[in-house]
Amino acid sequence: MAIDTDKNSYTVIFAIVMVILVGSILAGLAQGLKPLVKANERFEKQQNILYAMGINANEGPSDVEFISTDKVEDVFNSTITNQYIIEGDQVTEDPEAYLLDIKKEEALAKDPNYVRKLPLFEGVKDGKPIYVIPIRGKGLWDAIWGFVALDKDMVVQGVFFDHAGETPGLGSEIKQRYFMDDFEGEHLFNESGAFEGITVAKGNADPRNERKTDNAVDAIAGATITGDGVTAMIKKDLRMYVPYFKTLK
Amino acid sequence: MRLLSKKDSKLIMDPLADNNPITIQVLGICSALAITAQLKPSIVMAVSVIFVMAVGNVVISLMRNIIPSKIRIIVQLVVVATLVIIVDQVLKAYAYSLSKELSVFIGLIITNCIIMGRFEAFALANGPWRSFLDGVGNALGYGVILIIVGFFRELLGSGTLFGFKVLGDPVERTGLYALGYENNGFMVLPPMALIVVGIIIWVQRSRNKELIED
């Protein structure tokens, strides 16, 4: 029996069956794979935090290699000694602070009465306390985010950047070594002691980044807006932690 | 014994040259511009498109007699989107770092008009085996151009291939740079992809006059 595929009723039924079928396949798949995906995301955060602290599996000069997924949980637990959530003046310890959803906090903080929760991870490297702060902002196409490791004077010890969908070869280069390594040793305060952040600057007179106190690193050619996004998220998010770092002195 | 009949091998070989989806049919240009600044993403994109195109063509071909013609475009879109989401999810669960690397490319596959074009023009009218070959052929034709463009853009724009500094170090001024060579920063920007594709079209048409339209 041939089916009349031109009939309206057939078209409607076909569309309904197709949507239900495809919908349930995809929902089932997403649900089934969720625990695996969640675990991967958790490991990734741990790897990124450790990377910002300079704990990685890099071999060559342009490698960005993380501690492997099967070891990262142990390394993370032994390196990160304390995790805090800062709410205004209150500082509470929370061993799962690194799982706090920054994006959600940003949205909640639009309400002026809301006291934003700021996560901070404290670890030790070479006997020195290091503080890692997650940052988040906008690139050209989509979100960009990262982790910045600071010492108690807010001098950058290392960074890690990542992005959701910056242009391959241009904006996506923010996660390359040649860009991230430039941040090491940079100061967040200017010479008069005011918070300045770090500007990703075009036409920088210091392309090899020898001056660490100029509050600037060299930009990536062709990735102006992504670079500006990095500048903005460093300024905006790290400024919120300044009061906390004052208490450390 | 031949692996494929003459007619079948034509399905693979034609899109590689004389009926190339990018240079002759001028489809799939947007993704060819977006991701060819480096060689590696170009290859990854080519492989992903081969998979989605081959499987999608077979699925559409199997359903060709029951798809209502009024909503066939929507059905095609659903098939591509479903395949792409499945690939994305499976990669996220089992090959997380790879999926991070591919990030936006997976999503970009949906927007590739070559896929919709082949569903519409071929799979709806042909059996699964022939559709499979047609899908592989067209995706290969697309991939070859992508890789050629990616090769030249990365080499001339950044002086690297797969991230390796094949021309020497531009900062330390070794290799070719010692002779005063400079990278052409314009090559990494999207307009140059269009120009490189244009040059390929020019070369191809001047070698085969039959391809020139009036």
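Determine which member of the set A:65, A:96, A:105 is in contact with a Lys or Arg (Cβ under 6 Å, 6 or more places away or on another chain) and under 25 Å from residue A:159 (Cβ atoms). Talk me through it step by step, then tell me what you get.
Numbers: A:65 fails: in contact with a Lys or Arg (Cβ under 6 Å, 6 or more places away or on another chain); A:96 fails: in contact with a Lys or Arg (Cβ under 6 Å, 6 or more places away or on another chain).
Step by step, each of A:65, A:96, A:105 is checked, and only A:105 is in contact with a Lys or Arg (Cβ under 6 Å, 6 or more places away or on another chain) and under 25 Å from residue A:159 (Cβ atoms).
The set of residues in the range B:170-190 being touching a Pro at 6+ places or on another chain (Cβ under 7 Å) and open to solvent by 40 Å² or more (accessible area, probe 1.4 Å) consists of B:183 alone.
If you go through the range B:147-169 and keep only what is open to solvent by less than 70 Å² (accessible area, probe 1.4 Å), within 11 Å of another protein chain (Cβ to nearest Cβ) and farther than 22 Å from residue B:191 by Cβ, you end up with B:163, B:169. Being farther than 24 Å from residue B:64 by Cα, surrounded by 15 or more Cβ atoms within 10 Å (Cβ to Cβ), among the hydrophobic types (A, V, I, L, M, F, W, C) and away from every other protein chain (no Cβ under 14 Å) narrows it down to one of B:140, B:194, B:211, B:108, so name that one. None of the other options fit; the residue is B:211.
Quick grid of which residues meet (1) open to solvent by less than 10 Å² (accessible area, probe 1.4 Å); (2) closer than 30 Å to residue A:90 by Cβ:
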{"residue": "A:163", "(1), (2)": "no, no"}
{"residue": "A:197", "(1), (2)": "yes, yes"}
{"residue": "A:241", "(1), (2)": "yes, yes"}
{"residue": "A:249", "(1), (2)": "no, yes"}
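Please tell me if residue B:135 is away from chain A (no Cβ under 14 Å) and in contact (Cβ under 8 Å) with a residue 24 or more places away in the chain. So residue B:135 fits the description; yes. Within the range A:2-15, the set of residues being open to solvent by 90 Å² or more (accessible area, probe 1.4 Å) and either within 28 Å of residue B:92 (Cα to Cα) or part of a helix (DSSP H, G or I) (or both) comprises A:8, A:13.
For the range A:47-69, enumerate the residues that are in a helix (DSSP H, G or I) and either under 15 Å from residue A:130 (Cα atoms) or away from chain B (no Cβ under 13 Å) (or both).
So in the range A:47-69, the residues in a helix (DSSP H, G or I) come out as A:47-52, A:69.
Listed by number, the residues that qualify are A:48, A:49, A:50, A:51, A:52.
Of all the criteria given as (1) open to solvent by less than 30 Å² (accessible area, probe 1.4 Å); (2) away from chain A (no Cβ under 14 Å); (3) modelled with pLDDT under 85, the one not satisfied by residue B:117 is (3). Being within 14 Å of another protein chain (Cβ to nearest Cβ), hydrophobic (A, V, I, L, M, F, W, C) and surrounded by 16 or more Cβ atoms within 10 Å (Cβ to Cβ) holds for only one residue in A:36, A:29, and it is A:29.
Residue check, residue A:178 against (1) on the phi > 0 side of the Ramachandran plot; (2) within 14 Å of chain B (Cβ to nearest Cβ), all met but one. Which one? Condition (1) is where residue A:178 drops out. Is the range A:89-97 home to any residue that is open to solvent by less than 30 Å² (accessible area, probe 1.4 Å), of a type outside the set (Ser, Thr, Tyr) and modelled with pLDDT of 90 or more? Checked against the condition, which is being open to solvent by less than 30 Å² (accessible area, probe 1.4 Å), of a type outside the set (Ser, Thr, Tyr) and modelled with pLDDT of 90 or more, the range A:89-97 yields no hits at all. Is it the case, given these coordinates, that residue B:188 is at pLDDT below 85, within 14 Å of chain A (Cβ to nearest Cβ) and either within 16 Å of residue B:33 (Cα to Cα) or in contact with a helix residue (DSSP H, G or I) (Cβ under 6 Å, 6 or more places away or on another chain) (or both)? Criteria met by residue B:188. The condition (being under 30 Å from residue B:156 (Cα atoms), more than 16 Å from the chain's Cα centre (by Cα) and either away from chain A (no Cβ under 11 Å) or open to solvent by 60 Å² or more (accessible area, probe 1.4 Å) (or both)) is satisfied by just one residue among B:62, B:77, B:98, B:27: B:98.
The values are calculated or read from the model by the stated rules, or taken from the named source; none is laboratory data. Just so we're clear, the structure is a prediction, and the values are computed from it rather than from any experiment. Quick reminder, even Gly has a Cβ in these numbers, built from the backbone with ideal geometry, and neighbours come from all protein chains shown. Note: areas computed on protein heavy atoms with side chains; ligands, DNA, RNA excluded. Shrake-Rupley method; radii C 1.70, N 1.55, O 1.52, S 1.80 Å.
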